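Asker: Sharing a structure here in structure tokens format.
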Amino acid sequence: MKIDLHIHTRTGSDGNLSVEDVFKEARKRNLDLISITDHDSIEAQPRAIALAKDYEIAYIPGVELNVTFSYPGSKSVSLDFLGYRFDISNRALNNKLQLMREHRETRAKQILEKLNVELDKENIPSFTEQDLEEIQAGVDGTLGRPHIADYLIARGIVGNRQEAFDKYLVRCDAPKYPLSIDEASALVRNAGGVIVLAHPNDPNGTSLVSLTPDLHEQTRIIEAYMLGYIDGIECWHSRSATETTAHYTEFCRKRSLLITGGSDCHQKPILLGTVAVPDFVAGQFT
């Protein structure tokens, strides 16, 4: 059985493929169970549920929520949580996601203002309101920094996304919507779903590594400050080492938590179905 419970689309966030193309690729790669988990968006879910029936692929509704996590004695950090198996028509969840979508547009304007300061130092023409409109026109789903990075590439200012982030977007960042862990948990659970900590030890992403690289210290933080708010942990991920997977699966079993996994595929390159997620993961959702 091939499982991938962490996939992004162009339809809902910053993936490279539409939801339709994700299902075509999933069929080509013989996936049996998938979940589209776009950033702060469930826009793709109705179409995904319909396509799952057409392609005869088992499907779980999903979303990835960015949370501002406050840890005593440390600055607040960003963490990602995956929501699964919720009611996609839940009003509270949809209303909150709409607020977050609106905030993303405000944040984009703030980032462009900071970016213009940097461009001015290099005698590069500033971005205008028209540039923002062009960026938004190229976004099918939820606006984010990767879309600004792509525009910098299109303008010939940088050569690739990594350069865009390294040279400009990290320094020119603006605050994300301040969603707390208890609020994220309540949104998903009240919509009938379960919530899972995503890629907890991702060395290159939003993870507990920003607080500590020590796996045992990470799980101590989870035990002390998260257990009441989460139902599981993503133990298999495209950037998870064997040691990370072993540590977190053992932790989940001891704490009776859901154990999930996925590629975190943005289709650049196409990682869909490349993470070996065990069959028993599917059984947790039946």
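The values are calculated or read from the model by the stated rules, or taken from the named source; none is laboratory data. This is a predicted model, so every value here is computed, not measured. Quick reminder, even Gly has a Cβ in these numbers, built from the backbone with ideal geometry, and neighbours come from all protein chains shown.
Asker: Just need a number here: residues in the range 238-278 that are of a type in the set (D, E) and in contact with an Asp or Glu (Cβ under 9 Å, 6 or more places away or on another chain).
Answerer: Applying the first criterion (of a type in the set (D, E)) to the range 238-278 yields 243, 250, 264.
Remaining after also requiring in contact with an Asp or Glu (Cβ under 9 Å, 6 or more places away or on another chain): 264.
Within the range 238-278, residues that are of a type in the set (D, E) and in contact with an Asp or Glu (Cβ under 9 Å, 6 or more places away or on another chain) number 1.
Asker: Here's another thing I want to ask about it. Name the residues in the range 246-286 that are under 21 Å from H8 (Cβ atoms), among the hydroxyl-bearing types (S, T, Y) and surrounded by 15 or more Cβ atoms within 10 Å (Cβ to Cβ), would you?
Answerer: Matches in the range 246-286: T260, S263.
Asker: Please go through the range 208-225 and give me each residue that is crowded, with 21+ Cβ neighbours inside 10 Å and either in a loop (DSSP other than H, G, I, E, B) or in contact with a Leu (Cβ under 6 Å, 6 or more places away or on another chain) (or both), ordered by number.
Answerer: Q218, the sole residue that qualifies.
Asker: Would you please list the contacts, defined by Cβ atoms under 6 Å and residues six or more apart or on different chains, that run from a residue in the range 46-75 that is over 16 Å from S89 (Cα atoms) to a residue that is of a type in the set (S, T, Y) and assigned to a strand (DSSP E or B)?
Answerer: Close Cβ pairs satisfying both conditions: A52/Y59; N66/S78.
Asker: Across the range 52-111, what is the total count of residues that are part of a helix (DSSP H, G or I) and either of a type in the set (V, I, T) or at pLDDT 95 or above (or both)?
Answerer: So the count comes out to 12.
Asker: Of the numbered conditions (1) surrounded by fewer than 24 Cβ atoms within 10 Å (Cβ to Cβ); (2) not in a strand (DSSP E or B), F23 satisfies every one except a single condition; which is it?
Answerer: Just one mismatch for F23, condition (1).
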